[in-house]
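A quick write-up on the structure given underneath.
All of the numbers you see were taken from the coordinates with simple rules; none came from a lab. Because the structure is predicted, anything quoted here is derived from the model rather than measured. Here Cβ is always computed from backbone atoms with ideal geometry, including for glycine, and neighbour counts include all displayed protein chains.
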Amino acid sequence: MSSFKLKIMSPDGIFYDGDAYQLSLRSVDGEVSILAGHIPYLTAVGIGECRLYEQSGEKPRRAACCGGMLSVDDEGVLLAPTTFEWAKDIDIERAKAAKTKAEQRLAEPTSSAKKGMAKLKLQRANLRISIAEKEKS
């Protein structure tokens, strides 16, 4: 089993610093998975689920991951998301409240910029709810 060095850090701090077997997440171009020996790679991160497999065959650690960059080079992998939240840390009631608020904002007459922001907040709230529910099952 091959592994690679992985560091996950956002403006909120370091979320992971160690060896990994596989990292899967959504880039702006679609789903991407990184394994040991991956070619050098740089991409912007989309809004979606991040799955970290520390060892082959293990259940993944799930997280809500939004924005930022993913870099792969000979030294290892750096995931630098704008926001990152492990499933176990998601407050599902807070996420549901954020979803309701975003839906209300989308229903109101407002500027396209404010609607765009509300759509992003709704997408993030739905992601957080989905990740938290997967963690419970």
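Values for this structure:
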read-out: Pairs beyond 25 Å (Cα-Cα), from LYS59/LYS136; LYS99/LYS134; LYS5/LYS99; LYS59/LYS101; value: LYS5/LYS99; LYS59/LYS101
read-out: Charge-dipole axis of the chain as Lys and Arg at +1 and Asp and Glu at -1 on Cβ define it, positive-most pick from PRO11, SER27, LEU120; value: LEU120
read-out: Loop GluC sites (Glu not before Pro), the stretch 74-133, which have at most 15 other Cβ atoms in a 10 Å radius of their Cβ (DSSP); value: GLU75
read-out: About the Cα centre, charge dipole magnitude for the chain (Lys/Arg +1, Asp/Glu -1 at Cβ), debye; value: 820
read-out: The chain: Cys lacking any partner C-beta under 4.7 angstrom; value: CYS66
